[in-house]
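Here's the structure, in structure tokens; my notes come after.
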Amino acid sequence: MPIKKNKRILITSLFLISILASCSHQPTQVAWSSRDITPEERQMMSTYPSASEREPADWVDRCVSGVRNFFNPKANGVDAVVLKPLPELTQLNPQVKQFPNGKKYTEYQANINVMNKYPDYDEYLEQTAEIIFEPVEPFGHITLRIGKKLHSFNFIQSTSINNFSPRMKNSSNPEMSGSMGYIFHIGKDKIEAMAQEIEMFYKVSASNNVPPFDAYSPLLKIHEVDGTFGKTLKFQSESPKYGNENNITGKIVEENGNFFLDSEKGIKVPVIKKGKEYFTQSYSCSSSAGHVMEKYFGITLSYDGAAKSIKESLDNGNINENISPIGIMKYYEEQ
């Protein structure tokens with residue numbers, strides 16, 4: 001009897017593990033999904049020249065630029081599209097304000113009771129995307145709302161895709177604000193057209209480690225190692241903490257002289273070859289949001305390497321970029 005009982009327990013345990021593994025793209029509460037804003041970034045945000053005046057410092061910078069610009073964005077910017085006017089959301093205390101760059105935006109005060117019963121708010125969601133900063137210790141956390149779906153890179157092979165539900169979150173840290181959302185007008189048709197591709201970006205990161213998460217968003221080296229079942233690909237990271245050195249389910253392919261890391265699940269990411277070494281871009285919670293906004297909607301977000309830095313940039317109208325948020329939603333109550 002004890003042997004049979006132990007066997008049943010083992011089978012049940014393996015079954016549960018397989019279920020958990022298959023749901024790995026579901027939310028995982030991980031505080032370290034980004035890094036801290038650096039003093040250099042703070043200084044650069046106040047004095048940095050325009051993008052047209054900048055030159056890459058070395059081959060790593062050139063690789064990063066090459067990966068980011070390899071594909072032309074699938075949209076040429078929302079300014080080129082005639083968009084349906086957004087509802088005014090009069091019950092959320094809208095106030096017209098102005099960024100330092102002179103562009104105007106509307107500030108809203110979130111009210112969960114109103115939002116959950118407000119048809120105008122549903123329409124507002126359907127037409128917009130939103131970079132949401134949450135005061136998660138120690139460095140903050142970024143999620144990306146696209147229409148009515150909420151997306152996030154949380155950790156290595158851990159991403160989230162959920163139905164969006166607004167939530168209030170004050171900060172207990174005097175150096176971090178409460179939750180804030182930075183809103184961009186995209187258009188319902190464009191959001192619906194891109195929804196499936198964006199979902200695959202997050203799901204395949206969790207299942208195949210392509211594209212990879214890394215808290216510091218560096219270029220990751222791809223190298224081959226001997227495994228139990230033959231050779232396999234792994235990442236090599238120089239990040240000081242929570243770098244991605246997991247196995248890769250995929251292969252490097254060459255197409256028309258260009259290299260890609262192919263997950264064979266519908267997601268291929270650019271690879272940079274330097275000598276005999278291969279590298280690909282990794283993403284944190286914040287840089288993944290920036291990548292998705294640029295690739296699928298043609299909106300570049302500056303300083304997206306850390307949650308605090310992207311927030312500070314967006315607080316100032318998206319520093320050095322042409323497109324600013326059209327609204328800011330305060331998901332916290334003033335103290």
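The values are calculated or read from the model by the stated rules, or taken from the named source; none is laboratory data. Keep in mind that this is a model prediction, so the values were computed, not measured. Note that we place each Cβ from the backbone using ideal geometry, even for glycine, and neighbour counts take in every protein chain shown. All accessible areas refer to the heavy atoms of the entire protein, side chains included, with ligands and DNA or RNA removed. Shrake-Rupley method; radii C 1.70, N 1.55, O 1.52, S 1.80 Å.
Students often check this: by mean Cβ neighbours within 10 Å, which of 247-254, 265-272 ranks highest, and how do the rest follow?
Ranked by mean Cβ neighbours within 10 Å, highest first: 265-272, 247-254.
For a quick protection proxy, order the peptides 126-139, 186-199 by their average other-Cβ count within 10 Å, most packed first. Don't skip to the end; give the middle numbers.
Working: 126-139: 21.8, 186-199: 16.7.
With the highest mean Cβ count within 10 Å placed first, the list reads 126-139, 186-199.
Find out how many positive minus negative residues lie around GLU134, taking Lys and Arg as positive, Asp and Glu as negative, among other residues whose Cβ is under 13 Å from that of GLU134.
Details: positive: ARG145, ARG167, LYS169, LYS308, LYS311, LYS330; negative: GLU130, GLU137.
Net of charged neighbours comes to +4.
Taking H as built 1.01 Å from N, whose amide H comes closer than 5 Å to the amide H of LYS274, not counting residues under 5 places away?
Residues meeting the criterion, in which the H sits 1.01 Å from N, are PHE279.
Counting only residues 5 or more places away or on other chains, whose amide H sits under 5 Å from the amide H of ASN154 once H atoms are built in the peptide plane?
Placed amide hydrogens put THR159, SER160 under 5 Å from ASN154.
Could you tell me which GluC sites (Glu not before Pro) in the range 216-247 are loop residues by DSSP with no more than 16 other beta carbons within 10 angstrom of their beta carbon?
Numbers: sites: GLU224, GLU238, GLU245; in loops: GLU238, GLU245.
Those satisfying the criteria are GLU238, GLU245.
Tabulate in residue order the Karplus-calculated ³J(HN,Hα) for the range 111-125, using 6.51 cos²θ - 1.76 cosθ + 1.60 with θ = phi - 60°, rounded to whole Hz; enter x for Gly and Pro.
Rounded to whole hertz, the list is 9, 4, 4, 6, 4, 6, 10, 10, x, 4, 5, 4, 5, 4, 4.
Bin width 5 Å, origin at 0, all Cα-Cα pairs of the range 170-250: what percent of pairs per bin?
Per 5 Å bin, starting at 0, the Cα pair percentages come out as 3, 12, 14, 13, 14, 15, 14, 8, 4, 3, 0.
Excluding ASN244 itself, calculate the net charge of residues whose Cβ lies under 14 Å from the Cβ of ASN244, where each Lys or Arg counts +1 and each Asp or Glu counts -1. Walk me through the numbers on the way to the answer.
Working: positive: ARG35, LYS221, LYS234, LYS241; negative: ASP214, GLU238, GLU245.
It works out to a net charge of +1.
Expressed in nm², what is the orientationally averaged projection area of the convex hull enclosing the Cα positions of the range 208-256? Let's see the in-between values first.
On the way: hull surface 16.5 nm².
For the Cα atoms of the range 208-256, the hull's average projected area reads 4.1 nm².
Report the Cα centroid-to-centroid distance between the range 90-163 and the range 181-202 in angstrom, as an integer.
Result: 13 Å between the Cα centres.
So how much slack lies between ASP120 and LYS84, counting 0.36 nm per residue of separation and subtracting their Cα-Cα distance, in nm?
On the way: separation 36, 0.36 × 36 = 12.96 nm, distance 1.31 nm.
Stretched out fully, the ASP120 to LYS84 stretch lengthens by 11.6 nm.
Pull up the cross-link candidates among the aspartates and glutamates for LYS203, meaning alpha carbon to alpha carbon under 15 Å and not fewer than 8 places away within one chain.
ASP262, GLU264
Could you work out what % of the accessible surface of the range 222-275 is carbon and sulfur, using a 1.4 angstrom probe and leaving DNA, RNA and ligands out of the count? Working shown, then result.
Details: 1430 of 3410 Å².
Roughly 42 percent of what the probe reaches on the range 222-275 is carbon or sulfur.
With the cut-off at 29 Å, tell me which of the pairs LYS234/LYS295; LYS190/LYS268; LYS169/LYS234; LYS188/LYS241; LYS274/LYS311 have Cα atoms farther apart than that.
On the way: LYS234/LYS295 25 Å; LYS190/LYS268 22 Å; LYS169/LYS234 38 Å; LYS188/LYS241 39 Å; LYS274/LYS311 34 Å.
Check vs 29 Å cut-off fails for LYS169/LYS234; LYS188/LYS241; LYS274/LYS311.
Is the range 226-324 rounded, prolate or oblate when judged by the Cα gyration tensor, a ≥ b ≥ c being the square roots of its eigenvalues, rounded requiring a/c under 1.5 and prolate requiring a/b larger than b/c? Write down the numbers at each step before the final one.
Numbers: a/c = 2.64, a/b = 1.81, b/c = 1.46.
Taking the square roots of the gyration eigenvalues as a ≥ b ≥ c, the range 226-324 is prolate.
Obtain the nm distance between the two label points defined at GLU255 and LYS221 by a simple spin-label model: each point lies 7 Å from its Cα along the Cα-to-C-beta direction.
2.8 nm
With θ set to phi - 60° and the Karplus curve 6.51 cos²θ - 1.76 cosθ + 1.60, what are the ³J(HN,Hα) couplings of the range 181-187 in order, to the nearest whole Hz, using x for Gly and Pro?
x, 10, 9, 10, 8, 10, x
Using 19 Å as the cut-off for backbone N distance, which residues of the range 302-335 belong to the label zone defined by a point 7 Å from the Cα of SER172 along Cα→Cβ?
Once the point is set 7 Å along Cα→Cβ of SER172, 332-335 turn out to lie under 19 Å by backbone N, inside the range 302-335.
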